[in-house]
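Student: First the structure, then my questions, so here it is.
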Amino acid sequence: MQYDSALRKYINVLVHEGGSDLHLSSESRPTLRVDGVLVPMMNESPLTNQDTQGLLGELVSKEQMSQFKEDQELDFSYAVEGGDRFRCNAFYQRGSIGMVLRRIPREIRTIEELGLPPILETFAQRRQGFFLVVGPVGQGKSTTLTAMIDIINRERAAHIVTIEDPIEYVHEPNLSLIDQREVKIDTKDFATALRSAFRQDIDVLLVGEMRGPETMSAAVTAAETGHLVFSTLHTNNAAQTIDRIIDSFPAEQQDQIRLQLAASLAGIFSQRLIPRVSGGMVPAYELLISNKAVQNLIREGRTHEINTVIETNAENGMISMEHSLADLVSRGEITPQSAYDHSINPKVLDRLL
C-alpha cells in the first residue's frame, strides 16, 4: 500500500460524503461517520497493523511517533495542503494501532449558519465573564466557540489567546490580535499556559478543555479579574457542569470556588447534534444565563434548582433542552423519537409535545 496516496483517498471520500470522522483500525475497513452513523468503505480491504502504522507515519513527525510509542496514545493535528484540518487521536487496541481523524472545515461558520440562538452573540460582546459550552464528545462545542471567537475578531480590537490540544480552527487576525497556543508544542500543558496568560495582556482567553482543578481555578480567576474566558466541559447540562467544577476541588476549597464561580459565571450553553429528518445534523440546546437567582443557588449549593430557573426564565433568554427539542419536532426538523433519545427530562418533554 502507498500510504500517502491511500490517506489522500480516504480523506477525499470523507470530504465528498460530508463526513465528520475517519476511523482507521487494523482488521477493519476504513470507516466514516456521516450524519452520526458509521459507514465502512466497502470497496476497501481491511487494514493490517502494518497499514495503520504506515498511515500514522504519514500523519506525524518522528518526534510525535516516539512520544506515541512511549505514551501509547497521542493527540495531534493534521492539515491537508490547501484543504481541511483534522483533530486526530492515535491509540493502541489489542496491540495494534488505531486512529480517528475529526474533520475541521476551513470555513468558520456564523452562529446563524450553525442554527444556534442569536443570543449567543451577546456573550461574545461581553468584556468579562466565564462562558462554558458543554456536552458529550463530538457535539460541536469547538465549532460553537470558534463562531463566538470570530465575532470578537470581526467586531473589536482585542488580544485573544487560545490554549488548545490540538489547535483546531485557525483564526486569521481581523480587528483582533490572535495568538493560538498548542499544548505540547507551544506550551507544556494547560495549567502552565494559563499561568503565563496573566502576563500576556489578554482580553479574551479560550481554554480548549477544562482539565483538573488547577486549570479550572485559573480560568475562573481570569474571568474574575476582568477577562472574558471561554471553555468546554464534557458534561450534560448546566447544573451538572457547576457540580463538576465544584466537586473537582477538595472539600476545604469548595466554598471558595462556589463564591468565585457565582461571581464570574456569565452562562453555560449545552448542545447536542441530532439527525435531521431531511439529512444532516441539527443542534438542540440549553442555555443558562447567570443572574442573581443563579448566583444565589451556586453560592448556597442548591444547583438542583437550576433546571427550574431555566424553565421559568424563557422571557429572559434562557432555553431549556426540552423546549429546544419540542421546537425542532414541531418544525419537522427531527422525529419525536430522536427528541426522546436526547431528552434529559422526558416527563417535561411529554408535556411539550
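The values are calculated or read from the model by the stated rules, or taken from the named source; none is laboratory data. The structure displayed is predicted, hence computed values, not measured ones. For neighbour counting, all protein chains shown are included, and Cβ atoms are generated from backbone atoms with ideal geometry for every residue, glycine included.
Student: Given the residues Phe269, Phe249, which is the only one that is assigned to a loop (DSSP other than H, G, I, E, B), closer than 27 Å to Ala197 by Cβ and at pLDDT 95 or above?
Tutor: When all the criteria are applied, what remains is Phe249.
Student: Continuing with this model, one more query. Just name the residue that is nearest to Val329 (Cα to Cα) out of those in region 225-279 that are in contact with a strand residue (DSSP E or B) (Cβ under 7 Å, 6 or more places away or on another chain) and of a type in the set (Lys, Arg).
Tutor: Arg276
Student: Give, as residue ranges, the strands (runs of 3 or more DSSP E) completely inside region 61-170 that count at least 1 residues that are within 30 Å of Ile334 (Cα to Cα) and more than 15 Å from the chain's Cα centre (by Cα).
Tutor: Those strands (runs of 3 or more DSSP E) span 85-93, 96-104.
Student: I would also like to ask the following. Check Asn316 against each of (1) exposed (fewer than 14 other Cβ atoms within 10 Å of the Cβ); (2) under 22 Å from Arg109 (Cβ atoms) and name the one condition it does not meet.
Tutor: For Asn316, the exception is condition (2).
Yes/no per residue for (1) modelled with pLDDT of 95 or more; (2) in a loop (DSSP other than H, G, I, E, B); (3) farther than 30 Å from Leu38 by Cβ:
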| position | (1), (2), (3) |
| --- | --- |
| Leu175 | yes, yes, yes |
| Ile202 | yes, yes, yes |
| Glu209 | no, yes, no |
| Gly226 | no, yes, yes |
| Ser231 | yes, no, no |
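Student: Starting from residues that are of a type in the set (Gly, Ala, Ser) and assigned to a helix (DSSP H, G or I), keep the ones in region 21-60 and report whichever is surrounded by the most Cβ atoms within 10 Å (Cβ to Cβ).
Tutor: Gly54
Student: Same structure, new question: Take region 194-225 and flag every residue that is closer than 24 Å to Ile151 by Cα and within 19 Å of the chain's Cα centre (by Cα).
Tutor: Passing the criteria: Leu194, Val204, Leu205, Leu206, Val207, Gly208, Glu209, Met210, Ala219, Val220.
Student: Could you list, in sequence order, all residues of region 25-41 that are of a type in the set (A, V, I, L, M, F, W, C) and under 22 Å from the mean Cα position of the chain (by Cα)?
Tutor: The answer is Leu32, Val34, Val37, Leu38.
Student: With respect to Glu209, is the statement that it is out of contact with any Gly (no Cβ under 7 Å at 6 or more places or on another chain), surrounded by 15 or more Cβ atoms within 10 Å (Cβ to Cβ), in contact (Cβ under 8 Å) with a residue 24 or more places away in the chain and more than 21 Å from Ile245 (Cα to Cα) true?
Tutor: no
Student: Kindly indicate whether Gly140 is assigned by TED's automatic domain parsing to the domain that holds Gly267, under 29 Å from Ala238 (Cα atoms) and in contact with a helix residue (DSSP H, G or I) (Cβ under 8 Å, 6 or more places away or on another chain).
Tutor: no
For every residue, the table says whether it meets (1) small (Gly, Ala, Ser); (2) under 29 Å from Gly129 (Cβ atoms); (3) in the same structural domain as Asn237 (by TED's automatic domain parsing).
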position: His304; (1), (2), (3): no, yes, yes
position: Val309; (1), (2), (3): no, yes, yes
position: Ser320; (1), (2), (3): yes, yes, yes
position: His323; (1), (2), (3): no, yes, yes
position: Ser330; (1), (2), (3): yes, no, yes
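Student: In region 180-193, which residues are closer than 11 Å to Glu164 by Cα and of a type outside the set (Lys, Arg)?
Tutor: The answer is Gln180, Glu182, Val183, Ile185, Asp186, Thr187, Asp189, Phe190, Ala193.
Student: Pick from Ser278, Ser270: which is in contact (Cβ under 8 Å) with a residue 60 or more places away in the chain and of a type in the set (Ser, Thr, Tyr)?
Tutor: Ser270
Student: Ok, one more. Just give me the residues in region 301-353 being without any contact (Cβ under 8 Å) to a residue 60 or more places away in the chain, in a loop (DSSP other than H, G, I, E, B) and not polar (S, T, N, Q), in sequence order.
Tutor: Within region 301-353, Gly301, Arg302, Met318, Arg331, Gly332, Glu333, Leu353 qualify.
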